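To start, the structure itself, in structure tokens.
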Amino acid sequence: GIDRGANTVGFDCSSLVQYAWAKAGVKLPRVTYDQIKVGQAVPNIGQARPGDLMFPSTGHVQMYLGNGNVVEAPRTGGVVQVVPARSSYIAIRRPG
């Protein structure tokens, strides 16, 4: 982890995207409820780009990889996995 979670092993969904974007030099808030407010809104999945934050609910975030796939930590302590993107999201945000 990073910041307050620096000594934590593993990810939950929001720390996974926070960590990935930190590697690109972009600081994101720690929790999904704040991450859903950052960056630029993306109108629909058809306009999503790799790196976009995909919110199937206010309490979960995935990151778009392209080609219809997202990466996620499905739950705290769960195995990070690549899965197909859902057909709809309550929000899609483009940090940067």
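The values are calculated or read from the model by the stated rules, or taken from the named source; none is laboratory data. If you're wondering where the values come from, they're calculated on a predicted model, not measured in any experiment. Every residue, glycine as well, gets a Cβ built from its backbone with ideal geometry; the counts of neighbours run over all protein chains shown. To get the accessible areas, we keep the full protein, side chains included, count just its heavy atoms, and leave off ligands, DNA and RNA. Shrake-Rupley method; radii C 1.70, N 1.55, O 1.52, S 1.80 Å.
Here are some notes:
- GLY78 vs. criteria on the phi > 0 side of the Ramachandran plot and small (Gly, Ala, Ser): no
- Of all residue pairs spaced 6 or more apart or on separate chains, those with beta-carbon atoms under 6 Å, a first member in the range 48-67 that is in contact (Cβ under 8 Å) with a residue 24 or more places away in the chain and acidic (Asp, Glu) and a second member that is in a strand (DSSP E or B) and buried (at least 17 other Cβ atoms within 10 Å of the Cβ) are ASP52/TYR64; ASP52/ILE92.
- Scanning the range 52-74 for residues that are in a strand (DSSP E or B), open to solvent by 60 Å² or more (accessible area, probe 1.4 Å) and β-branched (Val, Ile, Thr) gives no hits.
- Check on GLN47, within 20 Å of ALA85 (Cα to Cα), modelled with pLDDT of 95 or more and loosely packed, with under 12 Cβ neighbours inside 10 Å: yes
- Residue check for ARG49: part of a loop (DSSP other than H, G, I, E, B), within 12 Å of the chain's Cα centre (by Cα), farther than 10 Å from CYS13 by Cβ and among the charged types (D, E, K, R): no
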